[in-house]
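Okay, so here's the structure we're looking at.
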Amino acid sequence: MRRSEVHAAESVACLNRALHQLKDIWEEIGIPEDQRLQRTDVVKKHIKEDEGRTMLQLEKDIRSRLEVMMKQKSQRVKDLKTLYKQDRELCDIMCSVPFCIDMDSVPSLEQLDSYHSYLNDLTKEKDRRHGEFVGIKRQIIVCMEELDQLPDTSFERDVVCEDEEAFCLSSDNITALQLLLGQLEDRKTENELVCSSYRAKIQELWERLQVPQEERDGMSEHMVQSRTKNMDALQAECRRLEQLKVKNMSNVVEAIRAEVALLWERCFYSLEQRQAFTPYYGDDYTEEMLNLHQEELLSLKKHYEDHRELFEGVARWQDSWTLFLQLEKKATDPSRFNNRGGNLLKEEKQRAELQKSLPKLEKSLKTQIDLWEEEQYREFLVNGQRFLQYVQEQWELLRLEKEREKNERQLKKNQQIEQDMLYGTAQRTPSKRRLAETPTPGKARKVN
């Protein structure tokens, strides 16, 4: 065989090896089958186009292309390792599962893009969780300070004491953080409710026992804050006042009776309703009597608050009615005409307005009471009577009083007429004072 033929055979073999290497690289970097066939056709086309070129030149071109492909492979592998490193760091921080990709093969551009997008989203989620963690951590610290509580569990110590960057931002840990904060806030709310209850009791006992202001000032800090030490101080003050209350039982009972009597008035209790609470009239100041009075007071307070709108409406009617009666009385007083300050006109105007507004108020209250009685299945009583019955009685009493006054005036007038007819009417005409005559100057007659 000639040397030229040998050289040609070697070139063809080298060309085939290079082509096989190209195919392997295409396969490794994930180029699909149809694209690999297209690229092979392109190479063959170049070979045909370059038939006039030497085999050495063709081998050189193929090697150049092979070198470019090797660089692409190397860069993709390098990018993959970089992304994988970022992935591992994020996985350590967030306790998540790594991205699913084969590290032993050359990734395609689409795989690298997908990996990169995944890591971008994961980084955003990490930042969001870190911000949430920092915010919740601050709230937890504040709650623990207000509760005078130190971190007990290892998780609480990790949250409060450790470096923020070292905390694992897993979804489970974020959920546990939210749960811990919720528990602390619940305890804080519970403490505030307990302290509020203590404060209300203390205020009530201070008033009933007439505790000096100086003693009250000593509790000023505990009357506004609700930390554990404040709750302990409030509890101790309650115990002290309860003991003092037992020593001053009679004064406390009388103080409660004053509140009960005031609520009786506000709730328009009748005499029978008031007398039904027999302990009010006893003088045996025992703990049992005190408890009965406290129960009655609580019941009255609830009764008043439940029907405050109605009671206030009735009170408005009562006040308006009282004023109306006063103005009615003044309207029949003869001395009212001696008024020179303009009050007569004002009173008449006010009386006319009340005469119009009272029926409107009664109608409004009737609507409210009817609705209330439908809901409560019982009558709404004012001074032991149904409201409208009570109102009608008041109007009837006013009418009867006017009728009585009218009859009295008529009777007096008739009696005066009879007296005048029997004895005559003495005329009382004013006498005029007669003035002494004074001479008028005239002309003097001349005497010769």
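The values are calculated or read from the model by the stated rules, or taken from the named source; none is laboratory data. Computed from a prediction, not measured in an experiment: that's the story for all the values here. Don't worry about glycine lacking a Cβ; one is built from the backbone with ideal geometry, like all the others, and counts go over all protein chains shown.
Here is a yes/no grid of residues against (1) at pLDDT 75 or above; (2) assigned to a helix (DSSP H, G or I); (3) within 46 Å of the chain's Cα centre (by Cα):
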| site | (1), (2), (3) |
| --- | --- |
| 46 | no, yes, no |
| 81 | yes, yes, no |
| 85 | yes, yes, no |
| 104 | no, no, no |
| 123 | yes, yes, yes |
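The residues listed here are 357, 320; of these, the one that is of a type in the set (Gly, Ala, Ser), over 23 Å from residue 270 (Cβ atoms) and under 38 Å from the mean Cα position of the chain (by Cα) is 357. On inspection, residue 292 qualifies as surrounded by 17 or more Cβ atoms within 10 Å (Cβ to Cβ), farther than 30 Å from residue 345 by Cα and not β-branched (Val, Ile, Thr).
Scanning for something out of contact with any Lys or Arg (no Cβ under 8 Å at 6 or more places or on another chain), part of a loop (DSSP other than H, G, I, E, B) and not polar (S, T, N, Q), does region 130-153 turn up at least one residue? Scanning region 130-153, I find at least one residue that is out of contact with any Lys or Arg (no Cβ under 8 Å at 6 or more places or on another chain), part of a loop (DSSP other than H, G, I, E, B) and not polar (S, T, N, Q), so the answer is yes. What's the total number of residues in region 273-287 that are in a helix (DSSP H, G or I) and modelled with pLDDT under 90? Result for region 273-287: 2.
Taken over region 143-173, the criterion of being among the aliphatic types (A, V, I, L, M), surrounded by 13 or more Cβ atoms within 10 Å (Cβ to Cβ) and closer than 17 Å to residue 228 by Cα is satisfied by 144, 147.
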